[in-house]
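First up is the structure itself, then whatever we jot down about it.
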Amino acid sequence: MFFRRALVSLLGIGAAYASVIVARTAATVERDIGFISGNTTKLSNAVKAFPSTGGTVLQALAIHTDAVATNTAVQQTLTDSKATPSVSEADATTIIALLQALANAIVDALAATVAKKAAFRALDLQLPGTSKLVGQDLNQLYEPTALVVTAAGLTNKPRRYGSTKLLETDLLSKTPNDKKAQANAIIAQINAAFDKAIAAYSS
Ligand SMILES: *[C@@H]1O[C@H](CO)[C@@H](O)[C@H](O)[C@H]1NC(C)=O
């Protein structure tokens, strides 16, 4: 009985909360992109600070934590972008400038990650599979789905975390027509850097 009442009141809170999360604004998305940038820079600095020889598993796990935080920021941006009905020309100009800066930070972070491949690989001697985590983090940041083994065989499942590709698609859908070419050019830069880094860690 108590459990049932507790559940009913929880559902009530859920409904009230749901009605609060309605429309977001471009300003929220702009703030969120700033969060992705901040997290990307933090991640990038940690990767660059990882020593070429003698790095520890603990340092690598701290980098993994930064990657997960970056992913959370991507997820939040995606949620807020989806809840933003439309974007004005002025906001689109601001968002594109933020995205270009973010793309530069992402390209830089991914290049640093590729450059540190041997250093991460060396960790596998201390803890087998550590360097696989780097490839997995890259993949989770980028791809909306993962191939997972289920009872039915290999299935494409949506990921728990945010995905750069999903965010790109959503932002592009809200970009005014006269700015789509610019947006596409930025997306191409980001995707090329991800493709290259993921390829580097898949061999
Ligand atoms: C990372 O993103 C979160 C939001 O997901 C934000 O609160 C935090 O300030 C960001 N961190 C940095 C270093 O920018």
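Somewhere in segment 128-141, is a residue within 16 Å of the ligand (Cβ to nearest atom) and of a type in the set (A, V, I, L, M)? Give the derivation first.
Within segment 128-141, the first condition is being within 16 Å of the ligand (Cβ to nearest atom), and the residues that meet it are 137, 140-141.
From what's left, of a type in the set (A, V, I, L, M): 141.
Yes, some residue in segment 128-141 is within 16 Å of the ligand (Cβ to nearest atom) and of a type in the set (A, V, I, L, M).
Residue 24 versus (1) of a type outside the set (Val, Ile, Thr); (2) outside any helix (DSSP H, G or I); (3) more than 16 Å from the ligand (Cβ to nearest atom); (4) surrounded by 15 or more Cβ atoms within 10 Å (Cβ to Cβ): which is the lone unmet condition?
It fails just one condition, (3).
Conditions tested, residue by residue: (1) under 19 Å from residue 188 (Cα atoms); (2) of a type in the set (Ser, Thr, Tyr).
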| residue | (1), (2) |
| --- | --- |
| 51 | no, no |
| 66 | no, no |
| 70 | no, yes |
| 76 | no, no |
| 89 | no, no |
| 97 | yes, no |
| 108 | yes, no |
| 120 | no, no |
| 125 | no, no |
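Among the residues of segment 69-90 satisfying the criterion of being more than 17 Å from residue 139 (Cα to Cα) and among the β-branched types (Val, Ile, Thr), which is farthest from the ligand (Cβ to nearest atom)?
Checking each candidate, the answer is 87.
Let's see how each residue does on (1) in contact with a Leu (Cβ under 8 Å, 6 or more places away or on another chain); (2) surrounded by 16 or more Cβ atoms within 10 Å (Cβ to Cβ); (3) modelled with pLDDT under 95:
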| site | (1), (2), (3) |
| --- | --- |
| 72 | no, no, yes |
| 78 | yes, yes, yes |
| 85 | no, no, yes |
| 92 | no, yes, no |
| 97 | no, no, no |
| 102 | no, yes, no |
| 105 | no, yes, no |
| 112 | no, yes, no |
| 115 | no, no, no |
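Take residue 42 and tell me if it is assigned to a helix (DSSP H, G or I), within 12 Å of the ligand (Cβ to nearest atom) and among the basic types (Lys, Arg).
It is true that residue 42 is assigned to a helix (DSSP H, G or I), within 12 Å of the ligand (Cβ to nearest atom) and among the basic types (Lys, Arg).
Test each condition in (1) away from the ligand (no atom under 16 Å from the Cβ); (2) within 17 Å of residue 163 (Cα to Cα) for residue 102 and report the one that comes out false.
Of the numbered conditions (1) away from the ligand (no atom under 16 Å from the Cβ); (2) within 17 Å of residue 163 (Cα to Cα), the odd one out for residue 102 is (1).
Please specify each residue of segment 160-203 satisfying the condition of being outside any helix (DSSP H, G or I), of a type in the set (S, T, N, Q) and buried (at least 18 other Cβ atoms within 10 Å of the Cβ).
Once the filter is applied, which keeps residues that are outside any helix (DSSP H, G or I), of a type in the set (S, T, N, Q) and buried (at least 18 other Cβ atoms within 10 Å of the Cβ), segment 160-203 yields 163, 175.
Name the residues in segment 47-68 that are within 17 Å of the chain's Cα centre (by Cα) and either within 11 Å of the ligand (Cβ to nearest atom) or crowded, with 21+ Cβ neighbours inside 10 Å (or both), would you?
Result: 47, 63, 66, 67, 68.
The values are calculated or read from the model by the stated rules, or taken from the named source; none is laboratory data. Just so we're clear, the structure is a prediction, and the values are computed from it rather than from any experiment. Every residue, glycine as well, gets a Cβ built from its backbone with ideal geometry; the counts of neighbours run over all protein chains shown.
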